[in-house]
Amino acid sequence: MREELIVSGRMNHLVDPNLHIWHWHIPLYLFLGGLAAGILFFASLYTILGKENEYRTAVKIAPFITPFILIIGLIALFLDLNHKLYFWRLYTTIRLESPMSWGAWTLMVVTPISFIWCALNIRELFPRWKWPHSLLDTAEAFFRKNIRTLSWILLIFSLILGVYTGILFSAFNARPLWNTSILGPLFLASGLSTGAAVIIFMSKSHRERMVFARIDLMLIGIEIFLIVHMFMGFLASTQVHIDAASLFLGGPYTTPFWLFVVTLGLVIPAVLEFLELRGFRVPHLIAPTLVIIGGFIFRFIIAYAGQESRWLY
């Protein structure tokens, strides 16, 4: 008789039967990361297109909140770590197959650029602003001279950041709900949508609000399409994926998902934005507020529902 030694984590109460290791820190971090990615994407895009003055809020005003939300997101991520003193080890290597490595290095690029972007536009808020040292004036002149290069870098890495927030889940193959390639583009579309919503919320220009209402309407349509496609994929797959979908189709997450995420966070804002674009008088703050709240709840639901889905019967 041949003896075999099987090492398993099945007796770990944090793993079996449900995963209980990712709490509020992770969905908060993913929401804030996606939101920052959306805002910075539009800022860099319209700078590359040479429309900084046409879309002043998108390029020069809204990005001022990105350093703060990125820092809050990083603090939440840091609080979630079990071995906090060793976070720096993420930056001692680059692993192309690791979403964690992609996220760490992407944030290493995006976060300082968000500060630089704010510094370049600080006179939009404080017209009499003067740098306390001549070196800072030299640095500002350098970045202004190379603003298009900086914008291209930011555009690319903001897209990576937006996709990464979904890939962080989809790479976790042990949980059927997360085991879908749809989450990457879905989280990107959601991040861009919440970014557009923040710009609409902050803008005082009716023309700028209408442009971003059209963009947000398109992104909401993409989100709904991806959500429907995701559930169609689950229902046409294995039994564990069907069980994962059942969490939202009669299960405990049915009401919060379809009411707060789909109805209040997508459908109603889309209707309001459509009516506003057709010339109806609609309070312009309602739709973007609902989009932001819906995107926030969406991350929490996917995080917690994913931990309840499993391969075991």
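Among the residues of the stretch 261-291, what is the count of those that are under 29 Å from residue 175 (Cβ atoms), out of contact with any Leu (no Cβ under 8 Å at 6 or more places or on another chain) and buried (at least 18 other Cβ atoms within 10 Å of the Cβ)?
3
Residue 111 fails exactly one of the following numbered conditions: (1) touching a Phe, Trp or Tyr at 6+ places or on another chain (Cβ under 9 Å); (2) touching a residue at least 24 places away in the same chain (Cβ under 8 Å); (3) under 26 Å from residue 23 (Cβ atoms). What is the number of that condition?
(1)
For the stretch 206-223, what are the residues that are under 17 Å from residue 278 (Cα atoms) and not aliphatic (A, V, I, L, M)?
206, 207, 208, 209, 212, 214, 216
Between a first residue in the stretch 246-271 that is hydroxyl-bearing (Ser, Thr, Tyr) and a second residue that is at pLDDT below 95 and outside any helix (DSSP H, G or I), which pairs have beta carbons less than 9 Å apart while being 6 or more apart in sequence or on different chains?
Once the first residue is hydroxyl-bearing (Ser, Thr, Tyr) and sits in the stretch 246-271, its partners that are at pLDDT below 95 and outside any helix (DSSP H, G or I) give 253/247; 254/247; 254/248.
Okay, residues lined up against (1) touching a Phe, Trp or Tyr at 6+ places or on another chain (Cβ under 9 Å); (2) at pLDDT 95 or above:
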| residue | (1), (2) |
| --- | --- |
| 213 | yes, no |
| 219 | no, yes |
| 231 | yes, no |
| 236 | no, no |
| 249 | yes, no |
| 264 | no, no |
| 279 | no, no |
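If we scan the stretch 218-236, do we find a residue that is part of a loop (DSSP other than H, G, I, E, B) and over 19 Å from residue 165 (Cβ atoms)?
Taking the stretch 218-236 as the starting set, the residues that turn out to be part of a loop (DSSP other than H, G, I, E, B) are 236.
Applying the additional criterion that residues be over 19 Å from residue 165 (Cβ atoms) yields 236.
Yes, there is a match, as at least one residue in the stretch 218-236 is part of a loop (DSSP other than H, G, I, E, B) and over 19 Å from residue 165 (Cβ atoms).
So which pairs qualify, if the first residue must be in the stretch 207-221 and free of Cβ contacts under 8 Å to residues at least 60 places away in the same chain and under 10 Å from residue 196 (Cα atoms), the second must be polar (S, T, N, Q) and assigned to a helix (DSSP H, G or I), the Cβ gap must be under 6 Å, and the two must be at least 6 apart or on different chains?
Taking only residues 6 or more apart or on different chains, the pairs are 219/193.
So which residues in the stretch 224-260 are surrounded by fewer than 13 Cβ atoms within 10 Å (Cβ to Cβ), more than 23 Å from residue 292 (Cα to Cα) and of a type in the set (Val, Ile, Thr), if there are any at all?
Within the stretch 224-260, 238 is the sole residue that qualifies.
What pairs come out if I take residues in the stretch 126-148 that are under 21 Å from residue 61 (Cα atoms) and pair them with residues that are among the polar types (S, T, N, Q) and outside any loop (DSSP other than H, G, I, E, B) whose C-beta lies under 9 Å away, six or more apart or interchain?
Within 9 Å, the pairs are 147/47; 148/47.
Read through the list (1) assigned to a helix (DSSP H, G or I); (2) more than 22 Å from the chain's Cα centre (by Cα), then give the number of the only condition that residue 46 fails.
Exception for residue 46: condition (2).
Of all residues in the stretch 57-91, how many are within 25 Å of residue 144 (Cα to Cα), surrounded by 16 or more Cβ atoms within 10 Å (Cβ to Cβ) and either over 18 Å from the mean Cα position of the chain (by Cα) or not aliphatic (A, V, I, L, M) (or both)? Show your work before the answer.
Within the stretch 57-91, the subset within 25 Å of residue 144 (Cα to Cα) is 57-71.
Of the ones still in play, those that are also surrounded by 16 or more Cβ atoms within 10 Å (Cβ to Cβ) are 57-67, 69-70.
Next, only the ones that are either over 18 Å from the mean Cα position of the chain (by Cα) or not aliphatic (A, V, I, L, M) (or both) stay: 57, 59-61, 63-64, 66-67.
Total satisfying the criteria: 8.
The values are calculated or read from the model by the stated rules, or taken from the named source; none is laboratory data. These numbers were taken from a predicted model, which means no experiment stands behind them. When we count neighbours, we look across all protein chains shown, and the Cβ atoms used for this are built from the backbone with ideal geometry, even at glycine.
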